[in-house]
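Every read-out reported here was derived from the displayed coordinates using simple, explicitly stated rules and does not represent laboratory data. This is a predicted model, so every value here is computed, not measured. Cβ: placed from backbone, ideal geometry, glycine included. Neighbour counts: every protein chain shown.
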Amino acid sequence: MSQFYFFDANAMLGRWPTEKLAFYRVDDLVKRMDYVGIKKALVYHSLAQFYDPMSGNRTLMEEIKGYDQLYGCWVLVPPFTSEIGTVDGIIAGMREDNVRAIRFFPKEHGFKLTPWNMGELLSALEEKSVPVFIDSDQVELGDIQRLCEAYPQLPVVLTRPGYRGVRMLYALLAQYQNFYLELSSFLLYRGVEEIVEKFGAEKILFGSGMPIQDPAGAVTKLRYAEIGEEAKGMIAHQNLERLLEQVGL
Amino acid sequence: MQIKEAVEKGLPLKDVLVIDAHAHLGATVDGWMYIPTPDIDTMIRLMDKMGVDQICASAILAFPDYTRGNDLTAEAVKKYPDRFVGLAVVNPHYAEDVRPELERCFDRLGMRGIKIHPTSNDYPVDGEGYQEVWKFASERKTFVLSHTWHDTSTCNPGKFVSIANKYPVVSFILGHSGGQAKGYQEAIKAVKQCPNLYLDLTGSLITGTWVERMVEAVGAERIVYGTDFPFIDPFYEFGKVCYANIDEESKKKILGLNMAQIIRKLS
């Protein structure tokens with residue numbers, strides 16, 4: 001058996017409005033992690049996506065309290081409507097709750113990841129090296145390019161990247177050192193192997209996408225991938241650990 | 001060794017018949033989508049890593065150009081006759097050529113099944129252009145794998161009920177089982193109505209939870225394993241079935257025994 005372990009960059013708690021998914025409760029998430037062999041997970045809450053970001057974030061922190069293997073990922077929106085309070089207040093709250101990752105839903109929440117719309121929030125996250133996670137169905141890849149260009153020290157992780165935008169994804173991987181791909185739903189045939197060869201194993205983060213996706217998919221892909229054990233370890237857990245450790249709150 | 005245990009160790013499945021009912025050949029994708037290293041020797045190597053015995057494959061090229069695509073499939077079948085079950089592709093817009101092309105594929109190129117993609121051809125599966133497909137499949141007692149997707153005008157799963165009832169000796173495989181949650185429910189309903197309809201597990205949104213729900217709804221003997229390989233990476237789909245919380249015998253039926261039985265029916 002391989003020596004690496006899995007640190008999931010993309011797991012969700014809470015109900016999904018349009019389908020009964022595999023689970024929604026934290027104890028079931030933990031059981032599922034045990035079943036497929038995932039040791040740790042970065043988690044956000046569906047209420048922060050489908051209801052109110054800040055109350056969803058609070059629900060998340062209450063639900064994962066006491067589970068040392070779970071790490072909170074907050075969902076934020078631009079600061080101008082004051083829903084999230086001040087930028088300084090957000091950073092202080094993250095420091096207090098040890099939250100080291102942020103997720104955005106620009107399409108769902110109706111905003112653009114641009115300096116004029118995000119104000120000082122993205123600059124603050126960049127200054128603190130906080131990685132931001134964005135689902136591929138929430139943005140155009142051109143938006144990701146502009147984000148990486150405008151904030152070169154901001155780690156940008158495209159989650160659920162799919163397999164149809166590869167000609168643009170490769171351009172982003174080649175040109176932006178702050179751009180990363182998460183593994184769930186990255187179904188490109190031998191895509192992991194080719195990205196490791198062309199761009200390096202540091203560009204991919206293991207993610208299950210559960211419960212929307214089946215965690216067994218990405219777990220199995222990485223176990224069988226035709227790459228070295230060192231690269232598997234980087235993808236499985238080291239890359240995410242490095243991104244979270246370098247956050248300077 | 002249990003199937004899940006073997007996959008946890010990254011080993012090929014031994015003593016388990018594995019037939020991928022829904023695969024392709026990507027050697028000439030021709031610009032539609034980028035697929036790294038789609039040559040058939042790489043495909044064989046990956047099949048060996050999983051322990052996949054056979055794949056039922058149609059060339060992606062066949063959807064824009066069925067003649068050239070079927071020729072490519074024939075090359076793969078000729079090179080690896082024990083590993084590739086060739087699927088003939090036809091285009092219903094060229095209805096007059098459907099029977100001649102199927103005869104060419106089955107009688108000269110060694111094909112053993114039929115693949116249709118009503119969405120790619122933008123043609124309804126209950127349209128006139130497919131009639132010769134059903135008749136030919138019935139004469140040869142072969143199987144038809146069709147792309148299906150919920151809420152389309154061409155191939156939602158419910159459309160196959162009347163066709164399957166009219167041609168009971170043909171095994172119809174509902175590719176992707178309708179593609180998404182509402183489609184799975186529609187496909188399950190259709191399969192319950194016709195003994196010659198099967199669910200196909202190919203699909204990025206089909207989770208192990210859905211595999212478990214499908215087994216409970218229609219029984220494992222009505223479900224076949226598929227991956228879309230090399231259109232997409234096969235290991236994701238492989239893992240989902242091997243980790244599904246169903247009994248070992250059900251996994252074996254889904255992974256290969258059911259498809260073997262469908263292939264054996266061929267006249």
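Quick notes on this structure:
- Label-to-label distance, A:GLU108 versus A:GLU149, with points set 7 angstrom from Cα along the beta-carbon direction: 2.8 nm.
- Ranking A:LEU47, A:MET12, A:ALA22 by Cα position along the charge dipole of chain A, where only Lys, Arg, Asp and Glu carry charges on their C-beta atoms, puts A:ALA22 farthest toward the positive end.
- Computed FRET value (nearest 0.05) for B:LYS135 with B:LYS79, which takes r as the C-beta separation and R₀ as 35 Å: 0.65
- All C-alpha pair distances within chain A, sorted into 5 Å bins from zero, spread as 1, 6, 15, 19, 21, 18, 12, 6, 1, 0, 0 percent across the bins.
- Karplus (6.51, -1.76, 1.60) ³J(HN,Hα), θ = phi - 60°, over region A:131-146, in Hz, Gly and Pro reported as x: x, 10, 10, 9, 5, 5, 7, 9, 8, 8, 5, x, 5, 5, 4, 5
- Helical content alone sets the calculated 222 nm signal of chain B at -11000 deg cm²/dmol, taking -39,500 (n - 2.57) per DSSP H segment of four or more residues and averaging over every residue.
- Largest to smallest principal axis extent of the C-alpha atoms in the protein assembly as shown, angstrom: 74, 44, 41
- Neighbour-count order for B:MET259, B:MET1, A:MET12, fewest beta carbons within 10 angstrom listed first: B:MET1, A:MET12, B:MET259
- Using the Cβ-Cβ distance between A:TYR5 and A:SER82 with R0 set to 51 Å, the FRET efficiency works out to roughly 0.80.
- Taking 7 Å steps out from each Cα toward its Cβ at A:GLU202 and B:ARG68 produces label points 4.3 nm apart.
- For chain A, the relative contact order works out to 20 percent when only alpha carbon pairs closer than 8 Å and six or more residues apart are counted.
- Placed amide H near B:GLY51: partners under 5 Å, 5+ positions off or other chain: B:LEU13
- Shown for B:HIS150, B:HIS176: other C-beta atoms within 10 Å of each C-beta, ranked fewest to most, produce the order B:HIS150, B:HIS176.
- With at most 16 neighbouring Cβ atoms within 10 Å, loop GluC sites (Glu not before Pro) (DSSP) excluded, longest segment of chain A: A:141-225
- For chymotrypsin sites (Phe, Trp or Tyr not before Pro), the sites in region A:17-54 that DSSP calls loop and that have at most 15 other Cβ atoms within 10 Å are A:TYR51.
- Cβ-defined net charge surrounding B:SER146, 12 Å radius [Lys, Arg +1; Asp, Glu -1]: 0
- For chain A, the 222 nm mean residue ellipticity estimated from helices alone, with every DSSP H stretch of n ≥ 4 adding -39500 (n - 2.57) and the total spread over all residues, rounds to -11500 deg cm²/dmol.
- Sorting the Cα pairs of region B:17-264 by distance into bins of 5 Å, from 0 upward, gives 1, 7, 15, 20, 21, 18, 12, 5, 1, 0 percent per bin.
- Rounded to the nearest 0.05, the FRET efficiency derived from the C-beta distance between A:GLU127 and B:ARG264 at R0 = 45 Å is 0.10.
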